[in-house]
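Structure, as structure tokens:
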Amino acid sequence: MAEDPTKTVLVTGAAGGIGRATVTLFAQRGWRLVGVDRASFGGDFPAKGLFIHSDISHPEDLETIFSKTKAFTGKIDALINNAAMQIAKPLLETTVEEWDAVMASNLRSVFLGVKLAYPLLKAGCGGAVVNVSSVHAVQTSANIAAYAASKGGLLALTRAMAIEFAPDNIRVNAILPGAVDTPMLRAGLERGHVGGLDIHERLENLARRTVNGRVGQPEEIAHAIYFLADETQSSFITGQALIVDGGATARLSTE
């Protein structure tokens, strides 16, 4: 394959919410896209990109994903670990199977995926990994323990990877979104990890908890992801966690 100067990014969880917004933004900025999701993206994935319908919670699927990526591009300049699943139920009611499914999707997939992505990042003379964690890694709610634990683990893994990969000019950072209007957020609210209100009241309640009085939009998180992925903007940033939550975690909980 002839060398292509275009930067390439691989985005997991590419079909919806933050992932779809991230695909759109990187495409607008001239990057070539590899998207991965177990859901269908539809017919509007970037024409020069590659969409892989796959489930990152399965190790064998991850091997296939990166084999196809290597055949498509030979190198990647950024890896966006965005795919996740959420179980919204009390810890005492969470089964071992549910716990393991969350960890496989949200944490183990990043551990294995980065190992497989590493040669492709090195082939591009370094690059960036952006892990989409959550404010639940630092402050959380009742009835969402498995998700919070997986995102906390992802934050610790981010720091460890940043230290180990620095000699190869690979930067690793995490984004911690707060309440963002995505299908996952709405599904979680409808399942009731904050109970007693209908979906619209729950969204309004979340909005009131931010400093700027609204729930975030996927495009706002995508711009933060792009900032950390783009070498021209964030070349001296690694091992860090960027909270993007409308100021929700800045406010005292006693107010």
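The values are calculated or read from the model by the stated rules, or taken from the named source; none is laboratory data. Since this is a predicted model, take the numbers as computed values, not measurements. We place every Cβ from the backbone using ideal geometry, glycine too, and count neighbours over all the protein chains shown.
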(message) Looking for something of a type in the set (S, T, N, Q) and assigned to a strand (DSSP E or B) - is there at least one such residue anywhere in segment 148-169?
(response) no
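Examine segment 120-127 for a residue that is in a loop (DSSP other than H, G, I, E, B), out of contact with any strand residue (DSSP E or B) (no Cβ under 9 Å at 6 or more places or on another chain) and closer than 13 Å to residue 78 by Cα, and state whether such a residue exists.
yes
Can residue 202 be described as out of contact with any Ser or Thr (no Cβ under 9 Å at 6 or more places or on another chain), surrounded by 14 or more Cβ atoms within 10 Å (Cβ to Cβ), among the basic types (Lys, Arg) and at pLDDT below 65? Quick ask: steps written out before the conclusion?
Working: out of contact with any Ser or Thr (no Cβ under 9 Å at 6 or more places or on another chain): yes; surrounded by 14 or more Cβ atoms within 10 Å (Cβ to Cβ): yes; among the basic types (Lys, Arg): yes; at pLDDT below 65: no.
No; evaluated as a whole, the condition is false for this residue.
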(request) Take segment 68-111 and flag every residue that is under 18 Å from residue 162 (Cβ atoms) and among the aliphatic types (A, V, I, L, M). (result) 76, 78, 79, 80, 107, 110
(request) For segment 215-255, name all the residues that are on the phi > 0 side of the Ramachandran plot and buried (at least 16 other Cβ atoms within 10 Å of the Cβ). (result) 239, 246
(request) Go through segment 115-133 residue by residue and tally those that are under 17 Å from the mean Cα position of the chain (by Cα) and on the phi > 0 side of the Ramachandran plot. (result) 1
(request) Among residues belonging to segment 69-114 that are hydroxyl-bearing (Ser, Thr, Tyr) and within 17 Å of the chain's Cα centre (by Cα), point out the one that is farthest from residue 33 (Cα to Cα). (result) 105
(request) Please enumerate the residues belonging to segment 51-86 that are in a helix (DSSP H, G or I), closer than 13 Å to residue 118 by Cα and among the small types (Gly, Ala, Ser). (result) 67
(message) Can you pull out every residue in segment 66-84 that is in contact with a helix residue (DSSP H, G or I) (Cβ under 9 Å, 6 or more places away or on another chain) and surrounded by fewer than 21 Cβ atoms within 10 Å (Cβ to Cβ)?
(response) 67, 70, 74, 75
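How many residues, within segment 7-22, are modelled with pLDDT of 95 or more and farther than 13 Å from residue 54 by Cβ? So that I can check it myself, show each step before the final result.
Taking segment 7-22 first, the residues modelled with pLDDT of 95 or more are 7-15, 18-22.
With the extra rule that they be farther than 13 Å from residue 54 by Cβ, the set shrinks to 7-9, 18-22.
Selection size over segment 7-22: 8.
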(request) Select from segment 1-41 the residues that are over 24 Å from residue 109 (Cα atoms) and not in a helix (DSSP H, G or I) and list them in ascending order. (result) 1, 2, 3, 4, 5, 6, 29, 30
(request) Say whether the condition of being in a loop (DSSP other than H, G, I, E, B), within 30 Å of residue 32 (Cα to Cα), among the aliphatic types (A, V, I, L, M) and at pLDDT 85 or above is met by at least one residue in segment 207-228. (result) no
(request) Quick one: count up the residues across segment 229-254 that are farther than 20 Å from residue 138 by Cα and part of a helix (DSSP H, G or I). (result) 5
(message) For the structure I just gave you, tell me whether residue 247 is farther than 15 Å from residue 24 by Cα and in contact (Cβ under 8 Å) with a residue 40 or more places away in the chain.
(response) no
